[in-house]
Amino acid sequence: MTHPGEQHKNGIGRKLNWLRAGVLGANDGIVSTAGVVIGVAGAAPGNVLAIATAGIAALVAGAFSMAGGEYVSVSTQRDTEKALIAKEVQELAEQPDEELLELAGFYRDRGLSAGLAQQVAEELTAHDALAAHAEVELGIDHQDFTNPWVAAFSSFVSFAVGAAIPLVMILLPLGEHRVWAAAVAVVLGLILTGWVSAALGDAPRGRAILRNVLMGSLTMAATYLIGTLFGVAIA
């Protein structure tokens with residue numbers, strides 16, 4: 001049986017993973033959409049309709065792509081977890097003695113003496129054999145599988161929110177300054193997502209922020225240059 005304290009830690013860890021995934025989704029939305037709208041603005045700086053169309057298309061396509069990818073990934077993980085649990089149920093039914101010895105072996109590997117490991121295995125098996133094996137052997141909570149729909153929705157929303165930052169800024173009536181306004185907003189957004197992702201992973205904040213801003217800035221510079229070159233060629 002999973003200890004209540006371990007369940008609490010697992011719950012917190014799962015929420016942190018979801019939050020981290022949301023932050024990364026927002027980061028992707030910021031960078032990819034900024035690259036599109038700034039590239040189009042470089043090619044056609046006065047064509048607000050073209051910029052808006054490209055930006056909205058990038059937001060929608062990116063959000064659905066993120067959601068679809070997350071749904072497929074988490075669905076595969078969920079199916080794998082269910083298959084492993086089903087196999088464990090079968091093994092417990094067909095060879096309970098071998099499974100008991102296996103469970104005791106896991107606890108010996110964790111540092112318990114042979115006698116204590118056997119006692120712990122017997123008591124956990126008597127209480128809930130499946131939960132004990134799922135936790136120790138598989139690292140799965142058999143009563144709390146990951147939900148692919150939640151993952152997909154979270155990815156969709158986080159990407160869309162991030163993508164809205166450069167899209168909204170570049171559509172403001174700022175004339176020739178619209179690209180700079182979008183770029184500044186993007187950099188501020190990347191500073192925030194870099195800081196949050198580093199804080200969630202307890203990593204150095206400055207390095208994460210620098211990487212984030214650098215990659216985002218390079219993306220914007222590259223797409224703006226490409227847009228400018230194509231704009232000149234078309235003109």
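Every number in this text was worked out from the coordinates using simple rules, so none of it is lab data. What you see is a predicted model; the values in this text were computed from it and never measured. Glycine also receives a Cβ, built like all others from the backbone with ideal geometry; neighbour counts cover every protein chain displayed.
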Helix axis angle, 178-200 relative to the chain longest principal axis, alpha carbon, degrees | 10 degrees
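Relative contact order of region 4-234, please, whole-number percent, based on alpha carbon pairs below 8 angstrom and at least 6 residues apart. Intermediate results must be reported in sequence, preceding the final value.
Values: 280 pairs, mean separation 88.4, N = 231.
Relative contact order for region 4-234 comes out at 38 percent.
Taking only DSSP H segments of four or more residues, each worth -39500 (n - 2.57), what value at 222 nm results for the chain once the sum is divided by all its residues, to the nearest 500 deg cm²/dmol? Mind showing how you got there, number by number?
Values: 7 runs with 198 residues, N = 235.
The per-residue figure over the chain is -30500 deg cm²/dmol.
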Do me a favour and compute the ellipsoid semi-axes for region 4-234 from its Cα gyration tensor, root of five times each eigenvalue, largest one first, whole Å.
-> 51, 18, 12
Tilt, helix 114-133 to longest principal axis of the chain (alpha-carbon atoms), in degrees rounded to tens, equals 60 degrees
Over all alpha-carbon pairs of region 65-112, lay out the pair-distance distribution in 10 Å bins, whole %, shortest bin first.
-> 24, 28, 26, 17, 6
Relative contact order, percent, region 107-235 [alpha-carbon distance under 8 Å, six or more residues apart] = 12 percent
Projected convex hull area of region 105-207, Cα atoms, direction-averaged, in nm², equals 10.5 nm²
So what's region 166-219 giving for Rg/Rh, alpha carbon basis, Kirkwood Rh from the mean inverse pair distance?
-> 1.10
Angle, helix 4-43 long axis vs. longest principal axis of the chain, Cα atoms, 0 to 90°, nearest 10?
-> 20 degrees
If you plug each phi of region 153-168 into the Karplus form 6.51 cos²θ - 1.76 cosθ + 1.60 with θ = phi - 60°, what whole-Hz ³J(HN,Hα) values come out, in order, with x for Gly and Pro?
-> 5, 4, 5, 4, 5, 5, 5, 4, 5, x, 5, 5, 4, x, 5, 5
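Using +1 on the beta carbon of Lys and Arg, -1 on that of Asp and Glu, and nothing else charged, what's the dipole of the chain about the Cα centre, debye to 20?
Numbers: 13 positive and 22 negative charges, 380 e Å.
Around 1820 debye, computed over the chain.
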